[in-house]
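Nothing in this text is a laboratory measurement; each read-out follows from the coordinates by a stated rule. On a predicted model such as this, the values are computed, not experimentally measured, just so you know. Cβ sites come from the backbone with ideal geometry, for glycine too, and all protein chains shown count toward neighbours.
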């Protein structure tokens, strides 16, 4: 057989490792689905062992074969092996595998078969193509760390294979061995990128990583129903239910509206915050308001109380036998698609009596923007006209979508600056009405379940509020009431102290919020004593810990004392922590019920402010420059917090790099010393390998066409006393490598060769390519290696 | 012999051959002063059973070397001075009519010797040169449809003068391929030249007349057979093939090394290993014989052969030193 048909061992090694990597990637997919580690990887390990054994056998046997065998058809038959196996599995009633997995296992089997026969050139490209196909399939199906790592290994091996293939082709065409200059520096770029991506997959936040998936459009389903199929669009029964996947927005846009007799949203508040304390003693209320509005406010308060929709800030402690939050949060109330964090409003309270917040019911004569339907393309959008305070403070219009599952209310959870609402096929505006300040409700008992409600809103950019001078210019008197609570003056004093020297406006609001967020502690179970006259004063002045509504109440009162109009808002906080990476949406559960405040800007415009630590408010999407800045700040912050560790790591890396050659030579020396072969030929070749390695590491590699004896005598020409030893080593190396097996060691060397090896290794050890050596060889015969410092001194730069 | 191995020669003959070769080397060095390397290659060519082409200027000892070699191996020596009017039959021999028996008798030419010195071979016509072809390649001549065998140790030393090209017929590639090696003797060093002058005064008038044969024809044949059986590692043969391929694919080489050239190279390496008292071939043997063996076979300008071969030997990788 022509040697050209066979490949070199390194090339075959690249290929075998690549095939193993693709098989491991596929195993990672199966493992992530089944969790059967021993079963999956045991099978793969067995198959790979067979592949390596066959590859070794082919490689050994190919030398003696005159022609290469035509085994490609037999290898292609391996494609059907998984189908036979799957047939048996299904006949036996075991758990079936999806068809695509069986098919891809067949492709992998062919890849392994071809890799086993990869000693011949012609099998190699197809092996890599099949492996690449399997790797792409695996990485598409599974984000398991092992799969990603295996795919990275596959890519690196493919790169190595291409490099060696390039050299081999060049050498076959030119007929000479070209000086091999591996593009390590260039190759380091993709390698580093791959490693960073792998590290990113492993350590970055999963939510943010998978948020990138939205860049790639996806097609619809196939419409087929396979009981063994995974959950997804168009496959399986999960589509019909559509309860846990907001991705099914499209197919069920026209889901039927359903009605329910379930209790309203307020039960959720009671579930979360426990029952309010019913106090028997009456409290005198004295509202510091102008006389002309007192009557109106009292009437509104009475109406609110009749409506039993007030929100008390004095609530019972959590009991032992009560239902835990875990069971409540186990099921999503609704799903939200779009950017988070997001504050979805459900109710607004703006009258506070010191203990309880009261929602302001709609006045019959109050003018609300008129709701109209506007058809944009095929979609009808609910719109209304309202004066916008300033376009400059708003970000772009952003889409969100809400799909209700268990939310028993007819108030649509919406963000503050809502601009439009759309439900598929619903083109009548009389289905909606205003339920409060920018609160929309549907003219139904409940929101339609499993029907996506599309929202358009605009976030306010607080950075653009720096020049805002209209705070409190059009104040709503209801939202500026400070209740007559004990130590009322202390609130004002506190607010004044916290904002001392801070100009009026957003900076003051930020100062208040910052103080609350940094000096107070969130404790959902903290409660004021039941006999305390004002829980918020207890929170603010004594305990400094409490649930989110105390933060909101305190912030509202503090800001009111500084003449800002504020109101309390109850609703849901769409937490980015809950973002579902696979389904690209955020479930909202009962535990996400939250309370925050809104501060009046001007006209009908308010701004969301969340004083509770750990909660963020949605801001307009950052531009690219701002994103880069955020990333840079995050990286800088991370570097700052890990400065010591990073500095140590950098120093260690720098030291390793600086002393890499001495270290590698030391390692080679220990290997030569520790794994000494007994058989003379092997030991002599080990010595020769050590000499070659030292030459490489000192930038004096042996030229490919120069025998080692001649090369060494040139390199160690400054040690003439060793010329005889070098010549002897060269002769022994020739004997070890090229003499027939029957040729025994020369009798003159029988007892001297171990000493010879020691002498040459010691000489090479202290070899200084660019310096003259004046030391006698006495120390060189020591069996102890020189110290690292002395070694490093002896290693000069290749230049 | 340092290393005992399976070989065709009996162990007792190892010492003999070492002694004989040392004497042969010493004798040739005593005749041609200061040319140890050239003499070593001549010995390689002799034991490899190849023919030698010496290309050098007149008066550098080409003929002396050939005559000394013939004297040392104890064979018959013949010399042909090539001129344009030299006929093939002047070399091979011819049939003459015996007046007494009235039958044609074959009269042997100079090729029926053990060592044939063909002086200034490039002055002979191509027809005459080709007559040598059969004799060199097959050690036989055919005259009037009758085949005559030559001595098994038939060894041709041809010389040519590179400087005088007027009125010459350069050897064709086919004939060059018949030579195992092409060597240049070159001028001796100053000290050697002075010793040469001194030896002409103090030494015998013709040292070759007093010389006793060092190797008999049978001994030479025996050792030549032994050389041909020395083992060569597979990895080294692959290396030789790579070098040959490199010469064939090199852009500056019109005609690369032929398979016959490879065989000659291997034989030369075996002979060098034998002369180095080794029973196996090592990379040094191949590289030391590469220049004279391969140089004669490459269709390259004369002055570019050596650098080109050095380039090839530097770049074609040696076999890995591992088992």
**Asked** How many partner chain Cβ atoms sit within 10 Å of a residue's Cβ in peptide B:309-321, on average, as a whole number?
**Response** 6
**Request:** Starting from the Cα-Cα distance between residue A:53 and residue A:372, subtract it from 0.36 nm times their residue separation and give me the gain in nm to one decimal.
**Result:** 107.3 nm
**Prompt:** Does the range B:169-304 classify as rounded, prolate or oblate by the C-alpha gyration tensor (a ≥ b ≥ c root eigenvalues; a/c under 1.5 gives rounded; else a/b over b/c gives prolate, otherwise oblate)?
**Reply:** oblate
**Asked** Listed highest first by mean packing, meaning other Cβ atoms within 10 Å per residue, what order do B:261-268, A:71-78, A:710-717, B:121-128 come in?
**Response** B:261-268, B:121-128, A:710-717, A:71-78
**Asked** How do the peptides B:168-179, A:370-381 rank, highest first, by the average count of neighbouring beta carbon atoms within 10 Å per residue?
**Response** B:168-179, A:370-381
**Message:** Less than 17 Å from a label point 7 Å out along the Cα-to-Cβ axis of residue B:302: which backbone N atoms in the range B:46-73 qualify, by residue?
**Reply:** B:53-62
**Prompt:** Taking the Cα-to-Cβ direction at residue B:263 and at residue A:714 and moving 7 Å from each Cα, how far apart do the two end points lie in nm?
**Reply:** 3.5 nm
**FRET efficiency for residue A:196 and residue B:192, using Cβ-Cβ distance with R0 set to 51 Å, rounded to 0.05** = 0.15
**Message:** Report the Rg/Rh value for the range A:702-765, based on alpha-carbon coordinates and the Kirkwood definition of Rh.
**Reply:** 0.98
**Message:** Please compute the contact order of chain B in relative form: average sequence separation of alpha-carbon pairs under 8 Å and at least six residues apart, divided by the residue count, as a percent.
**Reply:** 22 percent
**Complete:** Each label sits 7 Å from Cα toward the beta-carbon; between residue A:490 and residue A:701 the label points are separated, in nm, by 8.0 nm
**Asked** Using 17 Å as the cut-off for backbone N distance, which residues of the range B:133-177 belong to the label zone defined by a point 7 Å from the Cα of residue B:228 along Cα→Cβ?
**Response** B:135-140, B:149-156
**Request:** Determine the relative contact order of the range A:684-770: mean sequence separation of Cα pairs under 8 Å and six or more apart, normalised by residue count, in whole percent.
**Result:** 39 percent
**Request:** Using packing as a proxy for protection, rank A:614-627, A:423-436 so that the peptide with the highest average count of other Cβ atoms within 10 Å comes first.
**Result:** A:423-436, A:614-627
**Message:** Can you compute the FRET efficiency between residue A:645 and residue A:36 using 1/(1 + (r/R0)^6), with r the Cβ-Cβ distance and R0 = 45 Å? Round to the nearest 0.05.
**Reply:** 0.75
**Request:** Would you mind telling me which residue in B:287, B:198, B:237 has the biggest mean-square fluctuation in a Gaussian network model of chain B, where springs connect alpha carbons within a distance under 10 angstrom?
**Result:** B:198
**Complete:** Using alpha carbon centers only, the range A:2-48 is separated from the range A:587-654 by a whole-angstrom value of 43 Å
**Asked** So if R0 is 35 Å, what FRET efficiency would residue A:162 and residue A:667 give, r being the distance between their Cβ atoms, rounded to the nearest 0.05?
**Response** 0.75
**Asked** What residue among B:192, B:144, B:218 shows peak mean-square fluctuation when chain B is described by a Gaussian network model with Cα springs under 10 Å?
**Response** B:144
**Fill in**
Computed over the range A:368-509, the relative contact order (Cα-Cα under 8 Å, seq sep at least six) in percent reads 26 percent
**Message:** Only Cα pairs within less than 10 Å get springs; with that Gaussian network setup on chain B, which residue of B:212, B:108, B:202 has the largest fluctuation?
**Reply:** B:202
**Message:** Over all directions, how big on average is the projection of the convex hull of the alpha-carbon atoms in chain B, in square nanometres?
**Reply:** 19.7 nm²
**Request:** State the Cα centre-to-centre distance between the range B:147-206 and the range A:687-747 in whole Å.
**Result:** 36 Å
**Averaged over A:164-171, number of beta-carbon atoms from partner chains that fall within 10 Å** = 1
**Message:** If you take each beta carbon of peptide B:228-239 and count the beta carbons of other chains within 10 angstrom, what is the mean?
**Reply:** 2
**Prompt:** Per-residue ellipticity at 222 nm for chain B, helices alone: DSSP H runs ≥ 4 residues times -39500 (n - 2.57), over residue total, nearest 500 deg cm²/dmol?
**Reply:** -14500 deg cm²/dmol
**Fill in**
Two pseudo-spin positions, 7 Å from Cα along C-beta at residue A:677 and at residue A:45, lie apart in nanometres by 3.0 nm
